[in-house]
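This report refers to the structure that appears directly beneath it.
The values are calculated or read from the model by the stated rules, or taken from the named source; none is laboratory data. From a predicted model like this one, the values you see are computed outputs, not experimental measurements. Counting neighbours? That spans all protein chains shown, and the Cβs are built from the backbone with ideal geometry, glycine included. For accessibility, only protein heavy atoms count, side chains too; no ligands or nucleic acids. Shrake-Rupley method; radii C 1.70, N 1.55, O 1.52, S 1.80 Å.
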Amino acid sequence: MYSNPVIFGYYPDPSICRVEEDYYLVTSSNEYFPGVPIFHSRDLVHWRQVGHCLTRTSQAPLQQCPSSKGIFAPTIRYHDGIFYVITTNVSASGNFYVYSDDPAGEWSEPIWMDHEGIDPSLFFDMDGRVYVSVEGQPTGIYLVEIDLKTGQRRSETRCIWRGTGGRFPEAPHLYYLNNSYYLMIAEGGTEYGHMVTVARSTIPWGPFEPCPHNPILTHRDRGFHPIQGTGHADLVEAHDGSWWLIFLAFRPHGGNFHHLGRETFLALISWTGDGWPVVNHHRGVELTMDTPTLPAHPWPTEPPRDDFDHAVLRLCWNFLRNPYAQD
């Protein structure tokens, strides 16, 4: 049993990766600096922040960033001993990625990409090819092969799926599972109609066959349920072989308001006999989930008081846009 959200407060657009028995998660940061907070867990339920991916103005120029713009929808992936985070600065130069061999340490300078769209996601194929998928225009999910060292295109950009008909198909993540390529996206807009949909193909370029029970997750018809706007999800296989979905949602208060914003939630995934994912046995998501979890691994509680008696600010503090340097 565990409680949702697993990361409460404004931590939207979660993405996750696993390295053996360690889990790392990133979220959007918009106009706040340092950018892209990164969290660590050993059980998927208890998370602690271990750093930020964008700690220098050269990585995240936000000087002229309007509110709710800036850094959108990062994706984190691990490949050959290196962590990669790809994201979009919608107020500056577009899509880029950074990398590090230590997720709690310093991350590289950005590798900028000549690839329009938002919500970029990296996919490392088994043949060594590297792909980036984005939400693009005309409305749909687009794919391009890139050179990982330079970010340059190695193929034309193609639309691979337009979703199931919901508004704003976005947040694509591509996976290779069960001898198929699975494409998971969000549709419906980051509002009450938000949802998660899935399709699969024999090759990364499609055509993609939609899951017969799409959307695999939505609360769009659940009235006054305390959790709404479920979407923008990422999959992870735990070290015990179980599968989990990490996703955003919000908790309304007093009607249509949700003053804590979009938070990070967790749900168990099972698989049908013909290889389609099922979220929490088709039961939606609750604040208290009666679901077996990995062995609990809580972290020490953060102190509620800060006397600012250290040379470096705690990770819970940040700035609106880039701070002014002072001598």
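Quick grid of which residues meet (1) assigned to a loop (DSSP other than H, G, I, E, B); (2) in contact (Cβ under 8 Å) with a residue 60 or more places away in the chain; (3) not basic (Lys, Arg):
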{"residue": "83", "(1), (2), (3)": "no, yes, yes"}
{"residue": "88", "(1), (2), (3)": "no, no, yes"}
{"residue": "95", "(1), (2), (3)": "no, no, yes"}
{"residue": "108", "(1), (2), (3)": "yes, no, yes"}
{"residue": "116", "(1), (2), (3)": "yes, no, yes"}
{"residue": "120", "(1), (2), (3)": "no, no, yes"}
{"residue": "131", "(1), (2), (3)": "no, yes, yes"}
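Only one of 177, 183, 143, 122 is loosely packed, with under 15 Cβ neighbours inside 10 Å, under 29 Å from residue 249 (Cα atoms) and at pLDDT 95 or above. Can you tell me which?
That would be 177, the only listed residue that is loosely packed, with under 15 Cβ neighbours inside 10 Å, under 29 Å from residue 249 (Cα atoms) and at pLDDT 95 or above.
Could you look through the stretch 205-235, keep only residues that are out of contact with any Leu (no Cβ under 9 Å at 6 or more places or on another chain), over 11 Å from residue 285 (Cβ atoms) and in a strand (DSSP E or B), and pick out the one that is least open to solvent (accessible area, probe 1.4 Å)?
210
One line per residue, one yes/no per condition, for (1) surrounded by fewer than 21 Cβ atoms within 10 Å (Cβ to Cβ); (2) assigned to a loop (DSSP other than H, G, I, E, B); (3) aliphatic (A, V, I, L, M):
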site	(1), (2), (3)
38	no, no, yes
52	no, no, no
56	yes, yes, no
59	no, yes, no
63	yes, yes, no
67	yes, yes, no
74	no, no, no
78	yes, no, no
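For a quick check of your reading of the model, give me the residue pairs whose first member lies in the stretch 150-164 and is without any contact (Cβ under 8 Å) to a residue 60 or more places away in the chain and open to solvent by 100 Å² or more (accessible area, probe 1.4 Å), whose second is among the acidic types (Asp, Glu) and part of a strand (DSSP E or B), with beta-carbon atoms closer than 8 Å and at least 6 apart or on different chains.
Going by the 8 Å Cβ cut-off, the qualifying pairs are 153/145; 154/145.
Scanning for something under 15 Å from residue 13 (Cα atoms), among the small types (Gly, Ala, Ser) and either part of a strand (DSSP E or B) or without any contact (Cβ under 8 Å) to a residue 40 or more places away in the chain (or both), does the stretch 242-250 turn up at least one residue?
Checking the stretch 242-250: at least one residue is under 15 Å from residue 13 (Cα atoms), among the small types (Gly, Ala, Ser) and either part of a strand (DSSP E or B) or without any contact (Cβ under 8 Å) to a residue 40 or more places away in the chain (or both).
Quick check on the stretch 304-326. Is at least one of its residues under 17 Å from residue 42 (Cα atoms) and either acidic (Asp, Glu) or surrounded by 10 or more Cβ atoms within 10 Å (Cβ to Cβ) (or both)?
No, there is no match, as no residue in the stretch 304-326 is under 17 Å from residue 42 (Cα atoms) and either acidic (Asp, Glu) or surrounded by 10 or more Cβ atoms within 10 Å (Cβ to Cβ) (or both).
Condition check: aliphatic (A, V, I, L, M), more than 17 Å from the chain's Cα centre (by Cα) and either surrounded by 21 or more Cβ atoms within 10 Å (Cβ to Cβ) or in a loop (DSSP other than H, G, I, E, B) (or both). Does residue 25 satisfy that?
no
Can you tell me which of 67, 29 is closer than 18 Å to residue 234 by Cβ, in contact with a strand residue (DSSP E or B) (Cβ under 9 Å, 6 or more places away or on another chain) and of a type in the set (S, T, N, Q)?
Step by step, each of 67, 29 is checked, and only 29 is closer than 18 Å to residue 234 by Cβ, in contact with a strand residue (DSSP E or B) (Cβ under 9 Å, 6 or more places away or on another chain) and of a type in the set (S, T, N, Q).
Being of a type outside the set (D, E, K, R), open to solvent by less than 90 Å² (accessible area, probe 1.4 Å) and in contact with a helix residue (DSSP H, G or I) (Cβ under 6 Å, 6 or more places away or on another chain) narrows it down to one of 267, 238, 249, 296, so name that one.
267
Out of 183, 143, report the one residue that is in contact with a Leu (Cβ under 7 Å, 6 or more places away or on another chain) and in contact (Cβ under 8 Å) with a residue 40 or more places away in the chain.
After ruling out the rest, the residue left standing is 183.
Restricting attention to the stretch 163-211, which residues are in contact with a strand residue (DSSP E or B) (Cβ under 6 Å, 6 or more places away or on another chain), within 25 Å of residue 258 (Cβ to Cβ) and of a type in the set (A, V, I, L, M, F, W, C)?
Correct list: 171, 184, 185, 186, 195, 196.
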